[in-house]
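Undergrad: Just passing along the structure, written as structure tokens.
The values are calculated or read from the model by the stated rules, or taken from the named source; none is laboratory data. Here the structure is a predicted model, which is why all the values come from computation and not from measurement. Glycine also receives a Cβ, built like all others from the backbone with ideal geometry; neighbour counts cover every protein chain displayed. In case anyone asks, the SASA skips ligands and DNA or RNA and just uses the protein heavy atoms, side chains included. Shrake-Rupley method; radii C 1.70, N 1.55, O 1.52, S 1.80 Å.
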Amino acid sequence: MAARKKVTVIGAGNVGATVAQRLAERDFYDVVLLDIPQVEGMPQGKALDLLESGPVYGYDSLITGTTSYDDTADSDLVVITSGLPRKPGMTRDDLLITNAGIVKAVTESVVARSPNCFIIVVTNPLDAMVQLCQKVSGFPKNRVIGMAGVLDSARYRTFIAQELGVSVEDVSAFVLGGHGDTMVPLPRYSTVSGIPITELLPAERIEALSKRAANGGAEIVALLKTGSAFYAPSASVVAMVDSILRDKKRVLPCAALLEGEYGVNGLYVGVPVKLGAEGVEQIIEIKLTGEEKTAFHNSANAVQELINVMREKMPEVGL
Ligand SMILES: NC(=O)c1ccc[n+]([C@@H]2O[C@H](COP(=O)([O-])OP(=O)(O)OC[C@H]3O[C@@H](n4cnc5c(N)ncnc54)[C@H](O)[C@@H]3O)[C@@H](O)[C@H]2O)c1
């Protein structure tokens, strides 16, 4: 059997440590969990704890905790979760400049040691951070992808399944656009075993469920009070890792660099993509109604505004 693929997770906080746990439990990957020297011992402690779960849970994955990028060398895939999460009352965009500095430095350190890896960015504000990461990395667009749509659609799926009293397994949901308030749920492409939810629910209920999905992150921030969601986000990351490293070619909503698709050029926005051994293997373009097009472009404009702020504050990146 071929050696296990190596996955590095940058940031050993709530999302990062849970991604590491879920990856270890898959038993397909060796995992490196990295955090900053200021918290020396924390990533090592969490990694050792995860390693010691192996005999009970039944996995042989090697999990290494570290503060040294040398341990990340030759990773097949790197997940970037480092950065500040939201506090109650904050939007994802409030995190922009602090997290941009972190993502820039992390990307430079990652690509110096793993020049052929895939990168999945999780840090918020997501679409702006993945755009920055791709620019700093110099990697081709198929190897740098943002996680947001899998999570946003999982939330939508949860609420649709609850509303109809059906299994989440039979619900698929389609979302487009940036991660956040401008996310665009597409009810006519959201189905229960192939039946569009527009056939099953009145318009006002669909509207309420769509709104709840778009505000799903804020709902959890308000409940937790000290941080943001991490169980569903980490599950969403692992679905993307599996699709790439196991060449499953799943079609998942991800932030991908658009170059003309959907009428957008040079911007990362959430769209359906085929994820396989080459990373983003295809961007799937669908016809949008006038109203959907407007919502999608509003969402893309919101991402562009953040890019403009970074362009001004970080001219050296050349965004
Ligand atoms: N894209 C999404 O859908 C999504 C979902 C959930 C969370 N997020 C984002 O993910 C990020 C992490 O969230 P969290 O809940 O894990 O936060 P957290 O505070 O629990 O963990 C963040 C970790 O990053 C570390 N870190 C900070 N600077 C670093 C650096 N330069 N190098 C390495 N590590 C560094 C911190 O020490 C901390 O351990 C946040 O920006 C959050 O908004 C995104």
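Undergrad: How large is the dipole of the range 163-286 about the Cα centre if only Lys and Arg carry +1 and Asp and Glu carry -1, each at its Cβ, rounded to the nearest 20 debye?
TA: 240
Undergrad: On to the next question. Leaving out ligands, DNA and RNA, and with a 1.4 Å probe, what % of the accessible surface on the chain is carbon or sulfur?
TA: Result for the chain: 51 percent of the exposed heavy-atom area is carbon or sulfur.
Undergrad: Roughly how big is the chain's charge dipole about its Cα centre, with Cβ charges of +1 (Lys, Arg) and -1 (Asp, Glu), in debye to the nearest 20?
TA: So the dipole magnitude of the chain works out to roughly 200 debye.
Undergrad: Can you work out the Karplus-derived ³J(HN,Hα) for every residue in the range 14-23? Use 6.51 cos²θ - 1.76 cosθ + 1.60 with θ = phi - 60°, whole Hz, and x for glycine or proline.
TA: Per-residue couplings from phi come out as 4, 5, x, 5, 6, 4, 4, 4, 5, 5 Hz.
Undergrad: Show which lysines lie in cross-link reach of residue 248 when reach means a straight Cα distance below 29 angstrom and same-chain residues fewer than eight apart are skipped.
TA: 5, 6, 135, 141, 274, 287
Undergrad: Residue-wise, which Karplus ³J(HN,Hα) couplings in Hz belong to the range 63-74, taking 6.51 cos²θ - 1.76 cosθ + 1.60, θ = phi - 60°, and x for glycine or proline?
TA: Using θ = phi - 60°, the values come out as 10, 10, x, 7, 10, 10, 5, 4, 5, 8, 3, 6 Hz.
Undergrad: Once amide H atoms are built 1.01 Å from N in the peptide plane, which residues 5 or more positions from residue 33, or in another chain, come under 5 Å H to H?
TA: Sorted by chain and number, the residues that satisfy this are 9, 64, 65, 66.
Undergrad: Can I ask one more? Roughly how compact is the range 149-309, stated as its Cα Rg over 2.2 N^0.38 Å to two decimals?
TA: 1.02
Undergrad: Taking the Cα centre as origin and putting +1 on Lys and Arg beta-carbons and -1 on Asp and Glu beta-carbons, what dipole magnitude results for the range 5-146, to the nearest 20 debye?
TA: 560
Undergrad: Any chance you could give the angle, 0 to 90 degrees and rounded to 10, that helix 290-313 forms with the longest Cα principal axis of the chain?
TA: 40
Undergrad: Another question about this same structure. In whole Å and largest first, what semi-axes does the C-alpha gyration tensor of the chain yield when each eigenvalue is scaled by 5 and square-rooted?
TA: Calculated on Cα positions only, the semi-axes equal 30, 23, 19 Å.
Undergrad: Counting only residues 5 or more places away or on other chains, whose amide H sits under 5 Å from the amide H of residue 119 once H atoms are built in the peptide plane?
TA: 78, 144, 145
Undergrad: Same structure again: Can you give me the long-range amide H partners of residue 5? Hydrogens built in the peptide plane at 1.01 Å from N, cutoff under 5 Å, separation of 5 or more residues or another chain.
TA: It is 30, by chain and number.
Undergrad: Just to be sure I follow: if Rg is taken over the C-alpha atoms of the range 1-136 and Rh is the Kirkwood radius over the same atoms, what is Rg/Rh?
TA: Using only Cα positions, Rg/Rh for the range 1-136 is 0.98.
Undergrad: With a 1.4 Å probe and all protein chains left in place, how much accessible area per residue does the chain have, in Å²?
TA: Value for the chain: 44 Å² per residue.
Undergrad: Sticking with this structure for a sec: Which ³J(HN,Hα) values in Hz, rounded to whole numbers, follow from the phi angles of the range 276-283 under the Karplus curve 6.51 cos²θ - 1.76 cosθ + 1.60, where θ = phi - 60° and Gly and Pro get x?
TA: Each residue of the range 276-283 in turn: x, 4, 9, x, 6, 8, 6, 9 Hz.
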